Amino acid sequence: MEMIDRPRYDALAVGAEHTGSNARDRRAVATWLLCCCALLFAMVVVGGVTRLTHSGLSITEWQPIVGTLPPLSAADWANVFAKYQATPEYRQVNFGMSLDAFKSIFWWEYAHRLLGRAIGVAFLLPYLWFLVRRRIPRGYAGPLFAIFVLGGAQGALGWYMVQSGLVDDPRVSQLRLIAHLGLAFLIFGAMFWVALSLYRSRPGSTANAGLRRFAIALSGLVFLMVLAGGLVAGIRAGFAYNTFPSMNGYWVPPEILMLDPWYRNLTDNMATVQFDHRMIGWALALLVPWFAWRVHVAPHAGPQARRAALLLLALTIVQIAVGISTLLLSVPLPLAAAHQAGAVLVFAAALNASHALR
């Protein structure tokens with residue numbers, strides 16, 4: 001009897017070992033992706049500080065490999081500074097800037113680019129290791145490679161953005177800025193979603209399709225608000241209309257359609273750009289509590305989905321409060337950086353809620 005049953009027991013043992021190994025692989029890959037998300041979060045925040053300190057045009061060349069090393073000698077610094085002195089920003093904005101003052105903006109842009117390189121290495125090397133060891137769960141190798149390709153495109157898009165400020169106008173194109181920002185959020189969202197899928201092997205809820213669509217729509221609305229915020233930053237619209245809830249006494253500022261043709265107002269008019277950002281904020285202020293309440297009362301939503309909805313509600317409240325404070329205080333650097341960091345966290349919370357209701 002023992003000899004007859006042993007193969008069956010051995011097969012069960014092998015199956016259990018395979019299942020355990022697969023679970024360990026899923027957790028390992030998911031943890032790696034979350035670490036990459038943390039690095040990208042830091043890069044978004046540093047990128048915001050780089051923009052706020054007007055540091056983004058301090059490095060005038062794109063050298064993905066050679067540029068990894070900063071200037072190491074007085075001659076190197078003199079060479080880098082001379083290239084900056086030939087830019088429109090130096091001639092029109094920072095004429096007469098000292099070398100020490102230049103260094104203070106150089107290091108922010110250098111940190112931003114170095115983080116980008118670090119993310120590339122932190123993604124590619126573990127990806128290749130997992131791939132060679134066959135530890136990437138089935139169906140995920142292709143999507144992960146696509147994320148890496150998007151990361152390379154992000155670096156090229158960042159340089160394309162910087163180039164727009166090195167020609168005549170010492171300010172990067174706000175359209176290229178929101179493309180760069182939007183792609184960063186898409187890469188973050190893709191990595192975060194895959195990590196959640198690997199951690200959660202089974203759906204966390206049996207809620208109805210309406211709630212799932214609601215959560216996905218909120219994720220899209222948060223992403224749209226990020227792009228609107230990028231436009232506000234790109235044309236420095238946060239330094240205008242520093243009152244709330246009105247805009248200098250108006251609910252709808254009269255200059256909202258001042259530019260011709262009309263569509264230029266959507267990207268070039270401070271009043272319109274800030275108004276749009278506020279309206280999306282108001283929409284989220286109404287929709288997120290409604291969403292959290294609907295998830296809370298849904299009979300089959302499950303604890304995971306309820307926690308995700310409450311987290312989204314809490315982060316949205318904090319983000320709106322920080323945004324209003326940033327506006328009223330005319331964009332102080334710490335609050336503005338916190339507001340940009342909060343945008344990533346709210347976006348992640350919206351994706352988490354969408355995933356929990358899948």
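The values are calculated or read from the model by the stated rules, or taken from the named source; none is laboratory data. Please read all numbers here as calculations on a predicted model, not as lab measurements. Methodologically, a virtual Cβ is constructed for each residue, glycine included, from the backbone with ideal geometry; neighbour enumeration extends over all protein chains shown. Protein only, heavy atoms only, side chains kept; ligands, DNA and RNA dropped before computing areas. Shrake-Rupley method; radii C 1.70, N 1.55, O 1.52, S 1.80 Å.
General observations
- For residue 165, residues with placed amide H under 5 Å, excluding near neighbours: 173
- Rough spin-label spacing in nm, given labels placed 7 Å along Cα→Cβ, for residue 27 and residue 68: 3.3
- FRET efficiency for the residue 217 to residue 82 pair, using the beta carbon distance and R₀ = 45 Å, is estimated at 0.30.
- Amide H contacts for residue 298 (H built 1.01 Å from N in the peptide plane; partners 5 or more residues away or on another chain; cut-off under 5 Å): none found.
- Fluctuation leader among 108, 251, 290 - the chain, Gaussian network, Cα springs under 10 angstrom: 251
- Correct option for percent of Cα pairs over 27 Å apart [calculated from the coordinates] among [x] 60; [y] 46; [z] 56: [z]
- For the chain, built as a Gaussian network whose Cα springs stay under 10 Å, the top-fluctuating residue of 338, 82, 30: 82
- Accessible area per residue in Å² at 1.4 Å probe, computed on the chain: 52
- Using a simple spin-label model with pseudo-atoms 7 Å out from Cα toward Cβ, residue 35 and residue 133 lie 1.1 nm apart.
- Spin-label model, residue 199 to residue 121: label points 7 Å out along the Cα-to-beta-carbon direction sit 2.7 nm apart.
- Segment 122-127 - phi-based ³J(HN,Hα) in whole Hz, Karplus 6.51/-1.76/1.60, Gly and Pro as x: 5, 8, 5, 5, x, 4
- Karplus (6.51, -1.76, 1.60) ³J(HN,Hα), θ = phi - 60°, over segment 257-272, in Hz, Gly and Pro reported as x: 10, 6, 8, 10, x, 4, 5, 5, 4, 5, 10, 10, 9, 4, 5, 5
- Taken one residue at a time, the phi angles of segment 129-135 give Karplus couplings (6.51, -1.76, 1.60, θ = phi - 60°) of 5, 4, 5, 4, 7, 6, 9 Hz. Gly and Pro are set to x.
- Here is how the number arises for the chain: DSSP H runs of 4 or more residues each give -39500 (n - 2.57), the sum is divided by the residue count, and the result at 222 nm is -25500 deg cm²/dmol.
- The portion of the accessible surface of the chain made up by carbon and sulfur, rounded to a whole percent, is 69 (1.4 Å probe; DNA, RNA and ligands excluded).
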